[in-house]
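Scroll down for the structure; my scribbles are underneath it.
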Amino acid sequence: MKFLGLGRRLGGAVAGVLAAGLVLTACGSGDAESSGPTRAVKHAMGEAKVPETPKRIVVLDTDKLDTLKTLGMTPVGTVLPGEAAGMPKYLGGEFAKVKVVGTTQEPDVEGIAALRPDLILGSKFRQEKFYRELSKIAPTVFTDKIGITWKQNFLLDAEAVGKKAEGQQKLQAYEARAKELGKSLGDPAKLKVSVIRFMPDELRQYGPDSFSGIVLRDVGAGRPKLQLLEDKADKRMAPLSPERIADADGDIVFVAAYGKKAAQDQAKITAGPLWKKLNAVKAGHSHVVDDEIWMTGIGVTAAGLLLDDLQKYLTPLAKK
């Protein structure tokens, strides 16, 4: 009798394992679907049926973090730009608790699945090769490019999370504020605003199609001629040799640095003689700004904070 009872228990356990295996196989056989009411959202990889009101969202780039912040939402999981990168501080305390599941280039697919998301927001530019795996976990919406299309990306992500109308209102409010700031400066095009960024391996100047460049364009601010990148196909950014730092001169220079090594390089170069010869530096118009806002925020909330910086530093110049 004891052996018979043991056999029944083992048989039940095996049956349970087999049943679980069948469930996992079924879940992995096609795209994940929401169990409740859904909406069809067209995106860079096709079309996804997303929940009417998603509750457990995983985001795969910093612009999507900004989107959720702007719309009053917090994701259950996110990737970050690199292993050493922390959660952007400007997002606030609630985001510090968000689970990190890999990097923008290598999202942790298993970690994402463990969070049981009902929506994943990502980027074709960053994570195209992971799309099939991710879409089996949860409905997945991908934007196409990054930076240059940040406004379109924001509106698509807002649609995906069920807040399209609110997203449009937030974006319009930002654009109206940028326009008003430009008017308050009189003729902002006369101010040549330079933007440079120290990376761990290079120095960059940022052009009109970068995130910060688009915000400056919305304000109507002028740019140094070299930073218009007129001879470049990619007008987001271009490398700048430290020996040619004079090319970064303008009426005002904004400086950002990505990571500790870049910050060390920044300190070294800005303490050097070539930097001190810049007209903007001699006039006291060079300013270190938050890289998380100016460079990696790429959204409406970051854009608003960037406008704060422009209002603070451009207004005194415009009055001269």
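The values are calculated or read from the model by the stated rules, or taken from the named source; none is laboratory data. Since the structure is predicted, the reported quantities are computational estimates derived from the model, not experimental observations. Glycine also receives a Cβ, built like all others from the backbone with ideal geometry; neighbour counts cover every protein chain displayed. The area values use the complete protein model at the heavy-atom level, side chains included, leaving out ligands, DNA and RNA. Shrake-Rupley method; radii C 1.70, N 1.55, O 1.52, S 1.80 Å.
Among the residues of region 228-264, the ones that are out of contact with any helix residue (DSSP H, G or I) (no Cβ under 8 Å at 6 or more places or on another chain), of a type outside the set (Gly, Ala, Ser) and either touching a residue at least 12 places away in the same chain (Cβ under 8 Å) or not in a loop (DSSP other than H, G, I, E, B) (or both) come to 10 in all. Residues of region 207-248 being buried (at least 21 other Cβ atoms within 10 Å of the Cβ) and hydroxyl-bearing (Ser, Thr, Tyr), which ones? Listed by number, the residues that qualify are 210, 212. Remark: pairs (first residue in region 196-212, of a type in the set (S, T, N, Q); second residue open to solvent by less than 20 Å² (accessible area, probe 1.4 Å) and outside any loop (DSSP other than H, G, I, E, B); Cβ separation under 6 Å; 6+ apart in sequence or on different chains) = 205/196; 205/227; 205/238; 205/248; 212/195; 212/206; 212/294. Of the numbered criteria (1) at pLDDT 95 or above; (2) surrounded by 15 or more Cβ atoms within 10 Å (Cβ to Cβ); (3) in contact with a Leu (Cβ under 7 Å, 6 or more places away or on another chain), the one residue 104 fails is (1). Just the residues that are surrounded by fewer than 19 Cβ atoms within 10 Å (Cβ to Cβ) and touching a Ser or Thr at 6+ places or on another chain (Cβ under 9 Å), please, taken from region 57-80. Listed by number, the list holds a single entry, 73.
Taking the listed residues 85, 15, 40, 26, the one that is modelled with pLDDT of 95 or more and either open to solvent by 40 Å² or more (accessible area, probe 1.4 Å) or not hydroxyl-bearing (Ser, Thr, Tyr) (or both) is 40, with no other qualifying. I'd like the full set of residues that are surrounded by fewer than 16 Cβ atoms within 10 Å (Cβ to Cβ) and either of a type in the set (A, V, I, L, M) or within 21 Å of residue 131 (Cβ to Cβ) (or both), limited to region 88-98. Result: 96, single match. Restricting region 133-144 to residues that are surrounded by fewer than 22 Cβ atoms within 10 Å (Cβ to Cβ) and touching a Ser or Thr at 6+ places or on another chain (Cβ under 9 Å), the residue that is nearest to residue 173 (Cα to Cα) is 144.
Run down 182, 147, 167, 111 and say which single residue is surrounded by 14 or more Cβ atoms within 10 Å (Cβ to Cβ), small (Gly, Ala, Ser) and in contact with a strand residue (DSSP E or B) (Cβ under 6 Å, 6 or more places away or on another chain). Talk me through it step by step, then tell me what you get.
Numbers: 182 fails: in contact with a strand residue (DSSP E or B) (Cβ under 6 Å, 6 or more places away or on another chain); 147 fails: in contact with a strand residue (DSSP E or B) (Cβ under 6 Å, 6 or more places away or on another chain); 167 fails: in contact with a strand residue (DSSP E or B) (Cβ under 6 Å, 6 or more places away or on another chain).
When all the criteria are applied, what remains is 111.
Considering 134, 121, the condition of being within 14 Å of residue 44 (Cβ to Cβ), in a helix (DSSP H, G or I) and either under 18 Å from the mean Cα position of the chain (by Cα) or not aromatic (Phe, Trp, Tyr) (or both) is satisfied by 134 alone. Restricting to region 253-294, what's the tally of residues that are open to solvent by less than 20 Å² (accessible area, probe 1.4 Å) and either of a type outside the set (Val, Ile, Thr) or over 30 Å from residue 153 (Cα atoms) (or both)? Result for region 253-294: 9.
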